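Please treat every number below as a calculation from the coordinates, not as lab data. Being a predicted model, the structure only gives us computed values, none of them experimental. Methodologically, a virtual Cβ is constructed for each residue, glycine included, from the backbone with ideal geometry; neighbour enumeration extends over all protein chains shown.
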Amino acid sequence: MPIPPLDQDGFLPIGVHECTLGEIKGRFGVFRGSDRRPQLFARLQAFLSEAKACGLVVSVVVDGSFVSAKPEPNDIDLIVAVVPGHSFAVDLSPSE
């Protein structure tokens, strides 16, 4: 299902909106008067690539001003769900 339109205040409707990384890029990661959004998206893409490589990530929720009409968001808010039973008390190598 495509990402729904923003409301009159520039925010997504309340709820979970499943989408692909490509859909996020097309909607929120493109140039809009400054290169801030493409820069943030590149960092998100790099993070997700590393997260996928470690094999612990089940899903990611992208939130905050990045997924709004704000022209120059400061950052991207994320919630990262990891595999059940993962212990954060265990030391991870730098690649994880």
Legend entry - Hz values of 3J(HN,Hα) by residue in segment 27-35 - Karplus curve (6.51, -1.76, 1.60), Gly and Pro given as x: 8, 10, x, 9, 4, 9, x, 8, 8
Inset, instruction - Take segment 1-94, compute every pairwise Cα distance, and split them into 10 Å bins from 0; I just need the percent in each bin. - result: 14, 44, 29, 12, 1
Inset, instruction - Would you work out which of Pro38, Ser49, Gln8 lies farthest towards the positive end of the dipole of the chain, given +1 charges on the beta-carbon of Lys and Arg and -1 on that of Asp and Glu, about the Cα centre? - result: Pro38
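Over the chain, what is the relative contact order in percent, taking alpha-carbon pairs closer than 8 angstrom and at least six residues apart? Don't skip to the end; give the middle numbers.
Numbers: 103 pairs, mean separation 24.1, N = 96.
Relative contact order here is 25 percent.
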Inset, instruction - Round to the nearest 10 and give me the degree value, 0 to 90, for the angle of helix 36-54's Cα axis relative to the longest principal axis of the chain. - result: 20 degrees
